Structure formats: structure tokens, C-alpha cells
Amino acid sequence: MPNDTIIAVNSRLDGMRDEMIETLGNLIRIPAINPRSGGEGEVKKAQSILDLISEFGFHEIERIDVPDESSPDKVRPNIIARIKGEGGPKPNIWIVTHMDVVPEGDLKLWDSDPFEPVVKDGKIYGRGVEDNGQEMIAALYAVKALKEEGVIPQHNINIAIVADEELGSEFGIKALIKKGLFEEDDIIIVPDGGNKDGTLIEVSEKSIMWIKITTTGKQCHGSRPERGINAFKAAMKFGVRVEEELHKKYNKRDELFSPPISTFEPTKKKANVPNINTIPGEDIFYMDCRILPDYDPENVYDTIKEIADLVSAKTGVTFDFERPQYDPAAPPTSPDSPAVLMLKEAIEQVYDIKPFAGGIGGGTCAAIFRRAGYPAVVWAKLDEVAHSPNEYAWIDNIVGDAKVYATLFCTQ
Ligand SMILES: [Zn+2]
């Protein structure tokens, strides 16, 4: 049963509902798209978050800039906001969210401006509202409610709002881990994934392997294919074959994950020739592979290269491979770790559901923590519309998840 303090803090959060929506909406107007996806980076958004939380009652707020020469501001900002607990030597609690967002994608697929928030039917729409605005707001307002209610938490509470999550985290969580900010027994929650009813606490991830495939043939006139080697045609043959054969060979199922299989998807396709009557001599496309932890992703990579050799022999093209991102799955977090147990209790109290520990498709900050030896967990109540057009967040989930954090922060 929730105690009186938790009931009071949570009713404060109900009263902050409109403020949370407004704040999230204001943040959505500052895109913070990754410079490597052609965006302006996170500096403006970071400043706006710092202005916002200066009155939230944190004991300490720090901005950690990581140098990045290729970004417009030359730095990538990360924010750490702390509340000191008074429970003596207790593990630190961390809630880690990210401020960068992915580009809007095809604008025609949006019903409204992706960077102008729309509130409708209990949801807020906009790029970044689910990924990762919802939980950033929930965590910050949980602290605000706690402070307004005069509650002194037992644990130290740290809210990290990081840069660069969408493209590898080099200038975000990886840099912060290198700085030695985290301790072995810290309770680290990365609310950047989850499921509709909020029951999934993610403790393990698939390996993530992105592959750039460059196919080289010989350019020639569209009417005289015998004089060249069509790189695009060979790339398509390779793409179809590789997708089929990988699914056949790496076909294990693990029901902890959704989907319960490894996935091997061709994604980005670079433009080749500008005109229709030229046979392209070069073709570039990308694959996004998410591989169950049962498999060594190096073996998958070898299989891909073997298939390329077969297609090369038949067509005369050459294939070159690069891996823009490669993160082999980390050892799972134990379902009995304090982070899982504390979070389970808080979720049960707020939502009256039975959470379980499972796996997801990979690629959150939690995998980076796990690889570095910190048992992080991922949780949020959301519909999984991240990166889609018409991305939305349920307002009930923003407020509800804030209550989960507040409940967690009140834990002895
Ligand atoms: Zn995210």
C-alpha cells in the first residue's frame, strides 16, 4: 500500500499535468536532431532544460560538454541534476534519458508539423514526444513534486539527460561513463523503451549491427548493359538473398524479446545515378540487424560476406562492407537486481499491474551501461511509436510514469 507521503506527492503530480504537457510541448519545438543526421545538435535544447529545472529544487545541476568538432556548437551537452539523499550509504538512483531526436522522416506522412506539438484525444503529438521526451519530463517532475512536498529521499537521486543517443552515444553516455560518474551498485534506469501496458522491464538487448554495403560494378549507357556491370541490380540480388538466408540460418526464437527473432532489415538506400538511362557503376545501401544474444554477430557478418562472394562470382561486382554501428549484446542484467526489484514494486503500486523482466531490440543507453559492467534496466509505459510519423505520447503515461519515479524516489 502506498503511504501518505507517496499519496501526497502523486496528487501533486496530478496537479502538474497541464504544466508537464506545456513543458514537453516547448521542448518539442527545439528539434535537437543529431548533427550527424544533418541537425543542429542539442545545445539549444540543453539550455532550455537548464532554465526550466533551475527552479525544481535540485541540489546540484551540472552541464558536461563533450567536444565534437563536427557539430555546429563544437560541443555536445549533457545534463546531470542531483538531489542528495539522507539515508546514509545507499546506492544512487539514476534516471537516464536523452534529448536528441531522430529527423522527422517523410513529412507527407505527418498529419501535423512534427516540431509543433498538438494535443488531441489524450495524446501529445510531435517528434521526440515519446522518444525520449515523455520520460525526461516524468523524471524531472517527479523530483519537482517531491521537493514541493518537502520529501527528503533516502537515496541520492540523479537525473541524467544526455546527448547523442540516437547515433552511438559517443558524445553522450559513453563519455559520461568514461568520466567515472557511475558506481558499481548504482540503480540505473533508462526509460527509453517498454510496452503498452508498462509491464515490460527490459534486462537484456539484442546485438545491434548496422552495415553499409557498397557495390561496385561498371557504369555504362542504359541501353547497352552488356558494356557495363549493373551495381544496383547486383545489390538487389544480394539484398534479397542475404535477407532470406540470414533468417534461415539464424532462426532461433526467444520469447523474452519482441519480436522473438533476430531481424535483418535493408533500410537506407543512397541515390546512385541522377538519370534513368545510365546503368549505375556504384550502389550503396544499409542494413539494420538486431541479433538475439544467442548468436555471435561476427558469425552473422561472416555469413553476409560469404553470400556477397557468391553474388560477386556470378555478377562481376565487388562488395565492400563497413559497420557504422556495432554493439554486440551485453550480458543481461539479473532479474533479481535491486534496480528491477525496486522498479517492479513502484510500477505495481502506481499501475496495479504485474511487471516482468524481458528483452528488446537493442540500442538504448542501457546496453552501453551493461557492457561497462553496470546492471541497467529499461522501462517505460508507451506504445512504441518512436521514430514513426505522427509520434505521440499518452498524457496519462507521462503523469503515471512520473508517479512511478516519485514512488521509487520515496523508497526506503
Ligand atoms: Zn530513445
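The values are calculated or read from the model by the stated rules, or taken from the named source; none is laboratory data. What you are looking at is a predicted structure, and each value in this text was computed from that prediction instead of being measured. Heads up, the Cβs are rebuilt from the backbone with ideal geometry, glycines too, and the neighbour counts pull from every protein chain shown. When the accessible area is computed, the model is the full protein with side chains, heavy atoms only, and any ligands, DNA or RNA have been set aside. Shrake-Rupley method; radii C 1.70, N 1.55, O 1.52, S 1.80 Å.
Given a Förster distance of 22 Å, report the FRET efficiency between Ala271 and Glu322 from their Cβ-Cβ distance, rounded to the nearest 0.05.
Values: r = 18 Å, r/R0 = 0.83.
After rounding to 0.05, the efficiency reads 0.75.
Could you give the distance between the Cα centres of region 350-412 and region 190-246, to the whole Å?
Here the two parts' Cα centres lie 29 Å apart.
Hey, what angle do you get for helix 395-409 against the long axis of the chain, alpha-carbon based, 0 to 90 degrees rounded to 10?
With rounding to tens, the tilt is 60 degrees.
Between Gln47 and Glu298, what is the FRET efficiency for a Förster distance of 51 Å, r being their Cβ-Cβ separation, to the nearest 0.05? Display every interim value, and only then the final one.
Values: r = 42 Å, r/R0 = 0.83.
It comes out at approximately 0.75.
Which of the aspartates and glutamates could a cross-linker span from Lys144 if the Cα-Cα distance has to be under 16 Å and same-chain partners fewer than 8 positions apart are dropped?
List returned: Asp14, Asp18, Glu19, Glu22, Asp51, Glu55, Glu60, Glu135, Asp401.
Can you give the longest stretch of the chain with no exposed loop site, where a site means GluC sites (Glu not before Pro) in a DSSP loop (not H, G, I, E or B) with at most 12 other C-beta atoms within 10 Å?
Values: sites that count: Glu55, Glu69, Glu86, Glu183, Glu184, Glu255.
Here the longest segment lacking exposed loop sites spans 256-412.
Measure up Lys249/Lys305; Lys212/Lys249; Lys212/Lys233; Lys44/Lys268; Lys45/Lys212; Lys108/Lys196 against 19 Å on the Cα-Cα distance and list the ones that go over.
Lys212/Lys249; Lys44/Lys268; Lys45/Lys212; Lys108/Lys196
Tell me the carbon and sulfur percent of the accessible area for the chain, rounded to whole percent, probe radius 1.4 Å.
For the chain, the apolar C and S fraction of the accessible surface comes to 51 percent.
Could you tell me the distance between the Cα centroids of region 93-172 and region 42-69, to the nearest Å?
14
On average, how much accessible surface per residue is there in the chain, in Å², for a 1.4 Å probe, leaving out ligands, DNA and RNA? All intermediate terms of the calculation are to be shown ahead of the outcome.
Details: 17760 Å² over 412 residues.
Normalised by residue count, the accessible surface of the chain is 43 Å².
To make sure I understand the rule: partners must be lysines, Cα under 20 Å from the Cα of Lys252, and not fewer than 8 residues away in the same chain. Which ones qualify?
Partners found: Lys206.
How far, in nm, would the chain grow between Asn390 and Asp336 when pulled straight, counting 0.36 nm per residue and subtracting the alpha carbon separation?
On the way: separation 54, 0.36 × 54 = 19.44 nm, distance 3.69 nm.
Gain on stretching Asn390 to Asp336: 15.7 nm.
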